[in-house]
Amino acid sequence: YDVTDFLPNHPGGHEKIIMAAGSAIEPFWHLYRQHFASDLPMKLMEHMIVGCLSDEDQDAIDEQMEELQKNDDPYEKEPERHADLFVHGDTPMNAEVPAHILTQSYLTPPSLFYIRHHHPVPFLQDVSKYNLEINLSAYGKGTL
């Protein structure tokens, strides 16, 4: 595919496409699964085709993808989500609070916040190794 003219229009930024330059896109789409949510990406790419891989090269990529799917699912350790969320897609997670719940209170419980990820949620085995620092010095409040 020659995606040169599409680079400035890619919703995820041209940097993501550049990461795959000169190589197979399948491993990237294994992570960025929103490309499978509709047929739009493939429709856009139809006019960008410049050639086809040899059967041997395509077989090698297919084998690589089979191994990747067997051994490494980046979404395997996603956290449990609230059952009331309206899920549009789960890899990556895209979910919203149903309207009838939003109107019950001015405050939305954290477990019901709108979710829109582009990547798997990082799995942190030892959260004690991490600290959150909030710098409010621009507001004369120091650092928390």
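Quick notes
- Residue list for the range 86-113, restricted to those being more than 18 Å from His30 (Cβ to Cβ) and either at pLDDT below 85 or part of a strand (DSSP E or B) (or both): Phe86, Val87, His88, Ala95, Glu96
Here is a yes/no grid of residues against (1) small (Gly, Ala, Ser); (2) assigned to a helix (DSSP H, G or I):
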position: Cys52; (1), (2): no, no
position: Gln58; (1), (2): no, yes
position: Glu63; (1), (2): no, yes
position: Pro74; (1), (2): no, no
position: Glu80; (1), (2): no, no
position: Ala83; (1), (2): yes, no
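- Test: residue in the range 28-49 that is aromatic (Phe, Trp, Tyr), open to solvent by 70 Å² or more (accessible area, probe 1.4 Å), modelled with pLDDT under 90 and closer than 21 Å to Val121 by Cα: yes
- Subset of the range 121-143 (residues that are closer than 18 Å to Arg81 by Cβ and without any contact (Cβ under 8 Å) to a residue 12 or more places away in the chain): Pro122, Leu124
- Selection status of His118, touching a residue at least 60 places away in the same chain (Cβ under 8 Å) and either open to solvent by 90 Å² or more (accessible area, probe 1.4 Å) or within 20 Å of His30 (Cβ to Cβ) (or both): yes
The values are calculated or read from the model by the stated rules, or taken from the named source; none is laboratory data. Note that the structure is a prediction, hence the values are computed from the model and not measured. Note: ideal-geometry Cβ built from the backbone for every residue, glycine included; neighbour counts use all protein chains shown. To get the accessible areas, we keep the full protein, side chains included, count just its heavy atoms, and leave off ligands, DNA and RNA. Shrake-Rupley method; radii C 1.70, N 1.55, O 1.52, S 1.80 Å.
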